Amino acid sequence: MACGLWAGKLDAYVDGELPPADERALREHLRGCASCAADSVALLQAKRAVQAAASKRFLPDAGFRARIQKTLATPRNPRRNFNWLPALAAMAAALLAVVALSFAYNRNRVRERQLMSELADLHVATLASANPVDVVSSDRHTVKPWFQGKIPFTFNLPELAGTPFVLVGARISYLNQTPGAELIFRVRLHQISVFIFQDRAFGTVLARERAGRELSFNVQSWSRIGLRYFVIGDASADDLEKLASLLKSST
Amino acid sequence: MPLFDRLYNFAHWLAGNREEAEDLVQETFAKALKGFSSFQPGTNFRAWIYRILRNTFLTSRTGLKSAATVPLDWEADDDTLPATQSTPESILLERLDHQLARQALDQLPVHYREILLLCEVEEMSYQEISATLAIPAGTVMSRLSRARRALRDTAQKLQRS
C-alpha cells in the first residue's frame with residue numbers, strides 16, 4: 001500500500017533529487033519492501049548502463065575540433081587580445097596633457113593679471129609724476145621721431161584732428177625688461193596711456209585681443225605686426241574703444 | 001573549449017550522424033558567441049548552451065522529423081507517474097550490454113533520448129534539465145520515468161528479436 005506512494009518517487013530517489021526527509025523515509029521503506037528495493041536497484045542499474053553506453057560514445061575528430069577552435073578564435077581575437085597598456089598610456093598622456101594645458105592656462109592667466117596690474121601701475125605712476133612726459137607735444141610728427149634710437153621699433157600715430165582725443169606727450173617705459181613707448185592722450189579730463197611694446201616680450205601670455213578692467217581702469221590690448229598695444233585709462237570703455245580703433249587704423 | 005566533447009557527444013546522439021552533429025555543434029558555438037550577451041551571469045551556463053544546441057537541433061530538418069515521432073503516451077506527460085513494476089524484466093538492464101543499450105537509446109523518441117542523456121550522461125540536476133528543456137520540474141520527473149520505461153521496453157524487444 002505504501003508502495004503506491006513510493007513508486008512514483010523511485011526515479012527521484014536514484015537521481016538523488018528527493019528532499020532529505022523523503023529520502024530518509026524511503027530508505028526506511030526499502031528495508032522492508034522487496035518490490036520497491038528491486039525496482040530501485042533496477043533503475044540504478046539502468047541508469048548506470050545508459051551512462052556507460054552513452055558517455056563518450058561519439059568523439060569529435062581532430063579536424064573538426066581545430067576548425068571550431070579557429071572560428072572561435074578569429075572573431076574574438078580583437079576583443080580578447082585588446083591590449084590595455086597602449087590604451088592606458090594614451091589615457092594617461094591625455095590626462096597629463098589636460099593637466100599641463102590647464103596648468104599653463106592658469107599660469108598664463110596669473111601672468112596676464114600681473115602684467116595688467118603692472119600696466120595699471122605704470123599708468124598711475126605717469127599720472128602721479130611731476131614730469132609725466134619726456135616729450136611734450138601734441139604733434140605726432142614730433143613724437144614719433146623722438147623715439148628713434150630709444151626703442152628697438154617704430155610705430156605710426158593716428159591723425160587726431162576732428163576727434164576728442166589730444167596727444168599730450170610721450171615717454172619711455174619698461175615692461176618685462178624691454179623698452180617701449182608710452183603715449184599719453186587726453187580725452188576731455190581723462191588721461192589715457194597707450195603702451196607699445198614688442199610682442200615677443202610677452203610670449204604666449206596674452207590673448208591676441210582683449211578688453212577688460214584693471215583696478216577700475218579700462219584696458220584694451222591687441223597685437224599688430226609684432227607690436228603689442230595697451231590702452232589704459234579711467235575714460236569710458238567707449239572712449240578707449242574709439243582711441244583703439246584710431247590707433248589700429250594708423251598701423 | 002569548455003563542454004566541446006560533451007556537446008559533440010550529445011549532438012551526435014540527437015542527430016545520429018557525424019556531419020549533422022558537427023553542423024549542430026558549430027552552429028551552437030556560433031550562436032552562443034553571438035548571443036553571449038543574452039546569457040545572464042549567475043544562471044546555469046551549461047543549461048544555457050545545451051538549450052541552444054537542443055533548440056538548434058529541433059529546428060533542423062532531422063530534428064523536425066524526429067520531433068514528429070511523438071510517443072503514444074506523450075499527451076499524458078504530466079505529474080502522475082506510472083508505478084514501476086517489479087518484474088524479472090526490470091532487472092534485465094543489469095546484464096544490458098553497451099551494444100543493446102545504445103541500440104535501444106537510438107530507437108527512443110528524441111524527447112526521451114534527450115532527457116535520458118541529460119540526466120544519465122550529463123548528470124544534470126532536475127533543475128538544470130528543466131532549464132535546458134524549458135519544461136517544469138514536475139514534468140522533468142514524469143518524463144524521465146516514462147523515458148526509462150520506454151528504454152527498458154525497447155531493450156526487451158530488441159533482445160527478443
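The values are calculated or read from the model by the stated rules, or taken from the named source; none is laboratory data. This structure is a prediction, so every number in the text was calculated from the model and none was measured. Quick reminder, even Gly has a Cβ in these numbers, built from the backbone with ideal geometry, and neighbours come from all protein chains shown. Accessible surface areas use protein heavy atoms only, side chains included; no ligands, DNA or RNA. Shrake-Rupley method; radii C 1.70, N 1.55, O 1.52, S 1.80 Å.
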* To do: Inspect all residues belonging to the range B:78-93 and state whether any of them is modelled with pLDDT of 70 or more, open to solvent by 60 Å² or more (accessible area, probe 1.4 Å) and out of contact with any helix residue (DSSP H, G or I) (no Cβ under 8 Å at 6 or more places or on another chain).
  => no
* Asked: Given A:Leu115, A:Leu127, A:Leu96, A:Leu122, which one is hydrophobic (A, V, I, L, M, F, W, C) and within 25 Å of the chain's Cα centre (by Cα)?
  -> A:Leu96
* To do: For A:Gln51, work out the one condition from (1) facing chain B (nearest Cβ under 10 Å); (2) under 30 Å from B:Asp23 (Cα atoms); (3) modelled with pLDDT under 85 it doesn't fulfil.
  => (3)
* Structure fact -> the range A:195-251: strands (runs of 3 or more DSSP E) wholly inside it with 2 or more residues that are crowded, with 20+ Cβ neighbours inside 10 Å are A:217-224, A:227-233
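For every residue, the table says whether it meets (1) within 14 Å of another protein chain (Cβ to nearest Cβ); (2) in a helix (DSSP H, G or I).
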| residue | (1), (2) |
| --- | --- |
| B:Arg6 | yes, yes |
| B:Leu14 | yes, yes |
| B:Glu22 | yes, yes |
| B:Leu33 | yes, yes |
| B:Ser37 | yes, yes |
| B:Gln40 | no, no |
| B:Tyr50 | no, yes |
| B:Asn55 | no, yes |
* Kindly check whether there is at least one residue in the range A:227-248 that is in contact with a strand residue (DSSP E or B) (Cβ under 6 Å, 6 or more places away or on another chain) and polar (S, T, N, Q). => no
* Can you give me the ranges of the helices (runs of 4 or more DSSP H) entirely in the range B:102-161 with at least 2 residues that are closer than 17 Å to A:Gly8 by Cα and among the polar types (S, T, N, Q)? => B:137-160
* Asked: Residues of the range A:15-40 being within 20 Å of B:Glu120 (Cα to Cα) and within 7 Å of chain B (Cβ to nearest Cβ), which ones?
  -> A:Asp15, A:Glu17, A:Ala38, A:Asp39
* Using the structure shown, decide if A:Gly169 is under 22 Å from A:Val136 (Cβ atoms) and assigned to a strand (DSSP E or B). => yes
